[in-house]
């Protein structure tokens, strides 16, 4: 055993290669190695702000990548927040105003000449205006975007559907291959069970880029397993391609193949490099060889590529992450630096951690725990050492003695016995700290007493977490076992399944009895076997009644009915952890309610939906539906180390790091050899199986070292560890760290010394820690119980409902506001799921003096839409095509029509609709769109389906003024004098005077961006499939001349719709466009009556295109209407 090392004295830290965030911006390939608490996300956001403000890149030239959707969402928010705060600070300086709260990054950007300051502020304003063009995404999202952009240059099926969960497909393939091999009559006995076959299939598909061993040609069972593994991979790929399915790994593998292909690669790489000049990758330690090969091929040393990660926190090997890929990137990088400052923990705690780690290598000599500089010099958590009359060290190592305890034959504690001792001591420690410890807020506020919610207990396994939970509950300490797992993996989901199964078949006694034993009813087995057995008959009747409630009023009403009938809330709240169960039941109920509304699911469909969610509860996607409970914040958090990553707590306790987790013998093993990731699927008997298992085990225990690092670095001010001598201790991460020194990786096992020798070794580290580490022996303590500080109960007061109900508040829309005029029913949800623009509008006779006489030639232009069907369903189909198709690509239009027609319009004449749509898309749109047709607009200049929800008269906080629809009439008359739609004021005045309080909701079919970059205009587009004129005569372009469309617009109140859409666009642009001016930027509205749009060669006498109704609403009208709707009078 190597002698334990000592740590440098406090204050003697030297941080190697510290990165200067205020120095020269990185170029080429740069690795920034982080440590826990050193601010990876802060650094990325600051670098983005600097690259943009200093003119080194524009927003659309930036690529920011992370490795999970949750991390990407946070990163996107943090980047935008940094850009806003920096822009505001620079703008204040340009305006000569004081800049408050500037940090070092902003101070650096403020240090510039006045003209450069103005340019920096303008650059950030432009960046924020175009923030949607920023590519902040996951690696999978990036791959999908690139493959779609490369089109035929890549092996990518643009019509492929994303397969987020492939478990069902793999199980199907496994069963089919199993039966194909061993199912036919006369086939030999299976060499693998069906379960073993399925496990092997799942393993090899989960890791598709890893090379398989052994050679399939070897004999015996290892060869059989190797051939099965290869066949499964091949068959899964064949079925995905046949069914046009694409999973996340496919995207990565196909993009790598495209970029490295000798034929397609150079062009694809050139296009990526032309698109992105700066690439920043967060959490890079979670990369894998495929992802690194993509980034390397595309950007390495050809563009700025900044890789930020902490290899010490590379703990997702089981998900396919590969720290070896990170190390390979480090070796090829132009520059490698570290993030030097810890923003999380106080200085003395960092000294204690340095004593524990002592520069240890975590699984690889290149992954070492290096010193960091503390941002917080004072104590963040103070725990008095009662006998000594002073504060105890912030890192406490508590040794469980063997004296007086039953021991094994090797003189060690039994593992279960040690766990019970540690759990009891942890509970006593928590109770003691809650009575004595003080917390100093990092913002400099006054000290306060430690609260249960300040404490986190981290365990490796869920069963360990439950043991700690039980000990804390016994001590009266509020506690919650936290998890980022899906709520569908909880007891509550199973209880809902029992309820729905019983409702589905209330005549089946077994289902009713199973439901009765659950929490909704709460009977016991003794109840069902005794005098209350007859209650199941009445329960069956209630289940039938609840089925009616579900069918008529939905899941939310069902939960309310069951809760009231079964006295659910008070009964559950009397039970331990009842609040958690009740919250989970509501959470599952909300999910069921949402699913039933979105997909129109009844009971028969809800039950399989729930069963699928329960089955998929462990998947990455399901974790996003996490469990929630408000009172969790007031309880001790018990969570696994994997769940704790990225979190921090004032006090952290790690009770079981002395116990090495021992998984079952694997059927296949993953390991590295010569830098390559390999999977041996042969099992015992496979060539070199023992060596491969040893390599696999070595990588597993190396992961445990990094897991220990994650656990120990969550603490801000106090860390408590336990050490016990058991059979599981010698290979445990904490023991290996404490009993080994030097830069090399600790051996897989380190002998367990006597208690005295262990205390002496640990004490040597503590003595050199500068007061950061303390060692104590666990002594017997009487059972402790926490008594919360008593607060006087608030005086009872009679609650009076004195607020007047606002009967004018509503969620409304154009359709609802004009419903009475069209004799339509007004529902509580005004937006219908189908497009309501299919009214047939008869046209009056045309007098000889009408402009229509000059357009008589248009009678000879037969509409390509004449024979196509009508109705709201057809309108919905056409809108769906225009939403999803690329108008500039005839192939995209054709494919989208076929796809949407199969879904929304079976029986549609697809070729005829394609021809008609293409003719409409090629029709010039007139001056508002600079004469362009939809087919000639760049894809990036057309934003389809802009949904909006605007507050009316204050929204949730209504203004005192009462605004009604009739208030728009004088505004229209005032601002539209001489306007082509001035006469619409009379029609508007005839509408019901509906109150405008609450929210206005809607969706703009498209917004077009036209004009040169320095004078962009934004045009509202709405598609109409109305048939103008009689069905008794052929439909021609003449029916869609300007005069006819004007009358149709007024009759259907489309001018009101156009104005409301312009107001929505005005508010959006006001927020998004720098130096926004409605007179310059609002480009009007185009109402496209598609049945009249006859292509580029057909024009009316005035030069306009039939079917294109253009209206440039006065900007003053839009602004005045926006102010009126906001509550201004």
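The values are calculated or read from the model by the stated rules, or taken from the named source; none is laboratory data. Keep in mind that what you see is a predicted model, and the values were worked out from it rather than measured. Don't worry about glycine lacking a Cβ; one is built from the backbone with ideal geometry, like all the others, and counts go over all protein chains shown.
Some observations on this one:
- Candidates in region 451-482 are the residues that are at pLDDT below 90 and out of contact with any helix residue (DSSP H, G or I) (no Cβ under 6 Å at 6 or more places or on another chain); of these, the one that is nearest to residue 382 (Cα to Cα) is 482.
- Residue in region 1083-1094 that is at pLDDT below 95 and surrounded by fewer than 18 Cβ atoms within 10 Å (Cβ to Cβ) present: no
- Against the criterion of being part of a strand (DSSP E or B) and closer than 28 Å to residue 811 by Cβ, residue 1005 qualifies.
- Residues that are at negative phi and surrounded by fewer than 24 Cβ atoms within 10 Å (Cβ to Cβ), drawn from region 741-751: 741, 743, 744, 745, 747, 748, 749, 750, 751
- Index of the failed condition, residue 887 passing every other in (1) buried (at least 20 other Cβ atoms within 10 Å of the Cβ); (2) assigned to a loop (DSSP other than H, G, I, E, B); (3) more than 35 Å from the chain's Cα centre (by Cα): (3)
- Taking the criterion of being buried (at least 17 other Cβ atoms within 10 Å of the Cβ), in contact (Cβ under 8 Å) with a residue 40 or more places away in the chain and more than 23 Å from residue 319 (Cβ to Cβ), the residues of region 205-224 that qualify are 214, 218, 222, 223.
- Where helices (runs of 4 or more DSSP H) fall entirely within region 524-612, those with at least 1 residues that are under 30 Å from residue 470 (Cα atoms) are at 525-528, 555-565, 568-573, 578-599.
- Taken over region 1010-1022, the residue count meeting the criterion of being crowded, with 22+ Cβ neighbours inside 10 Å and in contact with a helix residue (DSSP H, G or I) (Cβ under 7 Å, 6 or more places away or on another chain) is 3.
- Filter result for residue 580 (buried (at least 17 other Cβ atoms within 10 Å of the Cβ) and touching a residue at least 24 places away in the same chain (Cβ under 8 Å)): yes
- Neighbours by Cβ (under 9 Å, 6+ apart or cross-chain): first from region 971-985, in the same structural domain as residue 1114 (by TED's automatic domain parsing); second assigned to a helix (DSSP H, G or I) and loosely packed, with under 14 Cβ neighbours inside 10 Å: 985/970
This table checks each residue for (1) touching a strand residue (DSSP E or B) at 6+ places or on another chain (Cβ under 8 Å); (2) modelled with pLDDT of 90 or more; (3) within 24 Å of residue 748 (Cα to Cα); (4) surrounded by 18 or more Cβ atoms within 10 Å (Cβ to Cβ).
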{"position": "354", "(1), (2), (3), (4)": "no, yes, yes, yes"}
{"position": "363", "(1), (2), (3), (4)": "yes, no, yes, yes"}
{"position": "386", "(1), (2), (3), (4)": "no, no, no, no"}
{"position": "389", "(1), (2), (3), (4)": "no, no, no, no"}
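- Residue 157 being surrounded by fewer than 18 Cβ atoms within 10 Å (Cβ to Cβ), touching a strand residue (DSSP E or B) at 6+ places or on another chain (Cβ under 8 Å) and either at pLDDT below 85 or not in a loop (DSSP other than H, G, I, E, B) (or both): yes
- Verdict on residue 68 being free of Cβ contacts under 8 Å to residues at least 60 places away in the same chain and either surrounded by 14 or more Cβ atoms within 10 Å (Cβ to Cβ) or within 23 Å of residue 1075 (Cα to Cα) (or both): no
For (1) part of a loop (DSSP other than H, G, I, E, B); (2) buried (at least 22 other Cβ atoms within 10 Å of the Cβ); (3) assigned by TED's automatic domain parsing to the domain that holds residue 638, each residue gets a yes or a no:
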{"residue": "411", "(1), (2), (3)": "yes, no, yes"}
{"residue": "416", "(1), (2), (3)": "no, no, yes"}
{"residue": "419", "(1), (2), (3)": "no, yes, yes"}
{"residue": "426", "(1), (2), (3)": "no, yes, yes"}
{"residue": "429", "(1), (2), (3)": "no, yes, yes"}
{"residue": "432", "(1), (2), (3)": "no, no, yes"}
{"residue": "441", "(1), (2), (3)": "yes, no, yes"}
{"residue": "444", "(1), (2), (3)": "yes, no, yes"}
{"residue": "456", "(1), (2), (3)": "no, yes, yes"}
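- All conditions but one from (1) assigned by TED's automatic domain parsing to the domain that holds residue 1062; (2) outside any strand (DSSP E or B); (3) surrounded by fewer than 17 Cβ atoms within 10 Å (Cβ to Cβ) apply to residue 935; the one that does not is (3).
- Exactly one residue among 512, 521 is assigned to a helix (DSSP H, G or I) and either assigned by TED's automatic domain parsing to the domain that holds residue 601 or surrounded by fewer than 17 Cβ atoms within 10 Å (Cβ to Cβ) (or both), and that residue is 512.
- Flag if residue 294 is in contact with a helix residue (DSSP H, G or I) (Cβ under 9 Å, 6 or more places away or on another chain), assigned to a helix (DSSP H, G or I) and buried (at least 20 other Cβ atoms within 10 Å of the Cβ): yes
Yes/no per residue for (1) at pLDDT 95 or above; (2) under 38 Å from the mean Cα position of the chain (by Cα); (3) surrounded by fewer than 24 Cβ atoms within 10 Å (Cβ to Cβ):
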position	(1), (2), (3)
685	no, no, yes
693	no, yes, yes
697	no, yes, yes
701	no, yes, yes
739	no, no, no
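- Yes/no for residue 272 being farther than 25 Å from residue 675 by Cα and either surrounded by 23 or more Cβ atoms within 10 Å (Cβ to Cβ) or not assigned by TED's automatic domain parsing to the domain that holds residue 171 (or both): yes
- Test for residue 229: is it touching a strand residue (DSSP E or B) at 6+ places or on another chain (Cβ under 7 Å) and either part of a helix (DSSP H, G or I) or assigned by TED's automatic domain parsing to the domain that holds residue 49 (or both): yes
- Residue match in region 364-374 (condition: part of a helix (DSSP H, G or I) and not assigned by TED's automatic domain parsing to the domain that holds residue 730): no
Matching residues to (1) surrounded by fewer than 16 Cβ atoms within 10 Å (Cβ to Cβ); (2) in a loop (DSSP other than H, G, I, E, B):
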| site | (1), (2) |
| --- | --- |
| 920 | no, no |
| 931 | yes, yes |
| 940 | yes, no |
| 945 | yes, no |
| 950 | no, no |
| 966 | yes, no |
| 971 | no, no |
| 979 | no, yes |
| 986 | yes, no |
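- Meeting the requirement of 3 or more residues that are closer than 23 Å to residue 859 by Cβ and over 46 Å from the mean Cα position of the chain (by Cα), the helices (runs of 4 or more DSSP H) wholly within region 1013-1111 are 1042-1051.
- Test set (1) in the same structural domain as residue 291 (by TED's automatic domain parsing); (2) at positive phi - residue 186 fails condition number: (1)
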